[in-house]
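S.K.: The structure under discussion is supplied below as structure tokens; questions concerning it will follow.
The values are calculated or read from the model by the stated rules, or taken from the named source; none is laboratory data. Since we're looking at a predicted model, the values are computed, not measured. Cβ: placed from backbone, ideal geometry, glycine included. Neighbour counts: every protein chain shown. Surface accessibility is based on the protein's heavy atoms, side chains included, excluding ligands, DNA and RNA. Shrake-Rupley method; radii C 1.70, N 1.55, O 1.52, S 1.80 Å.
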Amino acid sequence: DSFVAADEKCKKASTCYFADTELMAMLCCHDHVLWLVNMTFAGEKQHYTLTLIQHLFNHLPLDISMELLYDIGCQLEWSCQKWGFLLEAILSHLTFAIAVFHAYGHQWACHVIHHP
């Protein structure tokens, strides 16, 4: 219940008046924008994040390792493993992490596993 960002039914913006409701960005560790995605559905859907990850790995060698810091990275990792959303070649080189300022929405075990 505490994951408002992960609740795909929770609409934070109206699609009645605007085609794009939000922007999602992928940043490097230096806070430079790599890519932006126009979110056309209200709510934070996983396919936007998966699209950014896939696009990133299309531009990188497959032997590189990456750490993804995402507020609901734990749930995204679980979805990828359960439903096979990303290729194993990508998942094996990707570590999911959550930032400490998202602690209120996670259980302590989640922070033990996903703390950067």
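S.K.: Please list, in chain and number order, the residues 5+ apart from MET39 or on another chain whose amide H is under 5 Å from its amide H, with Hs placed from the backbone.
M.R.: Sorted by chain and number, the residues that satisfy this are THR21, GLU22, LEU23, MET24.
S.K.: Amide H to amide H, which residues 5 or more places from PHE96 or on other chains are under 5 Å from it, using H placed in the peptide plane?
M.R.: LEU68
S.K.: Between TRP35 and LEU87, what FRET efficiency comes out of the Förster formula 1/(1 + (r/R0)^6) with R0 = 22 Å and r the beta carbon distance, rounded to 0.05?
M.R.: With a Förster radius of 22 Å, E is 0.70.
S.K.: Which order do the peptides 59-65, 31-37, 69-75 take when ranked by the mean count of other beta-carbon atoms within 10 Å per residue, highest first?
M.R.: Descending packing order for the listed peptides: 69-75, 31-37, 59-65.
S.K.: Please work out the Cα convex hull volume for the stretch 65-116 and give it in Å³ per residue.
M.R.: In the stretch 65-116, the Cα hull volume divided by residue count equals 69 Å³.
S.K.: With θ taken as phi - 60° and the coefficients 6.51, -1.76 and 1.60, list the Karplus ³J(HN,Hα) couplings across the stretch 25-35 in order, rounded to whole Hz; mark glycine and proline as x.
M.R.: Values, residue by residue: 10, 10, 10, 7, 5, 9, 6, 8, 6, 8, 8 Hz.
S.K.: So, one more: Per-residue HN-Hα couplings for the stretch 48-56, Karplus 6.51 cos²θ - 1.76 cosθ + 1.60 at θ = phi - 60°, whole Hz, x for Gly and Pro?
M.R.: Per residue, the Karplus-derived 3J(HN,Hα) values read 5, 5, 4, 5, 5, 5, 4, 5, 4 Hz.
S.K.: Another one. Using a 1.4 angstrom probe with every protein chain in place, what is the largest-first accessible-area order of ILE98, ILE113?
M.R.: Largest accessible area first, the residues go ILE113, ILE98.
S.K.: Let me ask you something else. Determine the sum of side-chain charges near CYS110: Lys and Arg each +1, Asp and Glu each -1, restricted to other residues whose C-beta is under 12 angstrom from that of CYS110.
M.R.: Here the count lands on -2.
S.K.: How long is the gain from ILE113 to LEU62 if the chain were fully straight, where each residue apart is worth 0.36 nm and the alpha carbon distance is subtracted?
M.R.: Result: 15.9 nm gained on full extension.
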